[in-house]
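These notes are about the structure you will find just below.
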Amino acid sequence: MMTFDFSGKTVLVTGAARGIGAAITTEFLVARARVIAADILGDALAELRADHPAMITEVIDLGDLAAVKNRFGTLAPDVVVMAAGGVRGQSRKPLEDVTDDEWRMVYDGNVMSALNVMRAVIPAMKARGSGRIVTISSGAGLKPSLTGIQSYCSAKHGLIGLTRQMALELGPFGITVNSVAPGFLRTSPDYERQWDSYGTEGQRRMLSNIAMRRLGEPDDIAAACAFLASDRASFITGQVLPVTGHPFP
């Protein structure tokens, strides 16, 4: 069994309040990291902190670049894992009915949030000559999305593009940039609604199309993030690791 020790390391996790982000936060706390958990959901973040009093919490809107730079610009984290995103309460509808505001909301939550955090933390990583950045993309960034939400699919493709481009740019500074692409997980009210919409037969069909015959769990994603953030992955960069229980995204 591979275990990780992040003693003496500072890890920033965004989108940390629930689901995948909460599991990632717990993974690094167990591995003895100093963890800063950031999210816009203050109440959920407080609940997580009640279970893990050693963590540091930051209630913040990652779409606000000035606030992000102010909070994280001097943090100098060793590791950043960006789990903020999702479909932002939206559901499938024809593209011609999608408003500009709806499109921007999803794109900002998934791509601009990651871009703003990178802008804030990269200077300190460059100065130190090391760092690990992990984005949480999706199988929807590698193929059409099961959600049917065009902005979400586009945003996750964009996040993977940003990940790969920054890997090339930051490699000379000793910084790796990779992405973990989960399959479908029941990690939020949005995804619970999607799961329920399939009905019993649709759920059975989805499971039968997964080689491992189960849905993923947040801990599956957290373990992949810990590996990519570890010294064992020091020569891996610009890669997308699908964590889908299947040979294909």
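The values are calculated or read from the model by the stated rules, or taken from the named source; none is laboratory data. Keep in mind that what you see is a predicted model, and the values were worked out from it rather than measured. Virtual Cβ from ideal backbone geometry, glycine too; neighbours counted across all protein chains shown.
Being surrounded by fewer than 19 Cβ atoms within 10 Å (Cβ to Cβ), closer than 29 Å to I149 by Cα and over 16 Å from the mean Cα position of the chain (by Cα) is the requirement here; does D43 meet it?
Working: surrounded by fewer than 19 Cβ atoms within 10 Å (Cβ to Cβ): yes; closer than 29 Å to I149 by Cα: yes; over 16 Å from the mean Cα position of the chain (by Cα): yes.
Here the answer is yes, as D43 does meet what is asked.
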Filtered residue count, region 16-26, keeping only those that are in contact (Cβ under 8 Å) with a residue 40 or more places away in the chain, in contact with a strand residue (DSSP E or B) (Cβ under 6 Å, 6 or more places away or on another chain) and not in a helix (DSSP H, G or I): 1
Those residues of region 201-229 which are surrounded by fewer than 19 Cβ atoms within 10 Å (Cβ to Cβ), in contact with an Asp or Glu (Cβ under 9 Å, 6 or more places away or on another chain) and among the small types (G, A, S), in sequence order: A223
Qualifying residue in region 98-121 (condition: surrounded by fewer than 18 Cβ atoms within 10 Å (Cβ to Cβ) and of a type in the set (V, I, T)): yes
Number of the condition not met by T147 [criteria: (1) modelled with pLDDT under 95; (2) out of contact with any Asp or Glu (no Cβ under 9 Å at 6 or more places or on another chain)]: (2)
Filtered residue count, region 196-234, keeping only those that are in contact (Cβ under 8 Å) with a residue 12 or more places away in the chain and closer than 26 Å to P172 by Cα: 10
Subset of region 55-73 (residues that are exposed (fewer than 14 other Cβ atoms within 10 Å of the Cβ) and aliphatic (A, V, I, L, M)): I56, A66
So S151, is it within 19 Å of S113 (Cα to Cα), surrounded by 18 or more Cβ atoms within 10 Å (Cβ to Cβ), over 15 Å from the mean Cα position of the chain (by Cα) and not acidic (D, E): yes
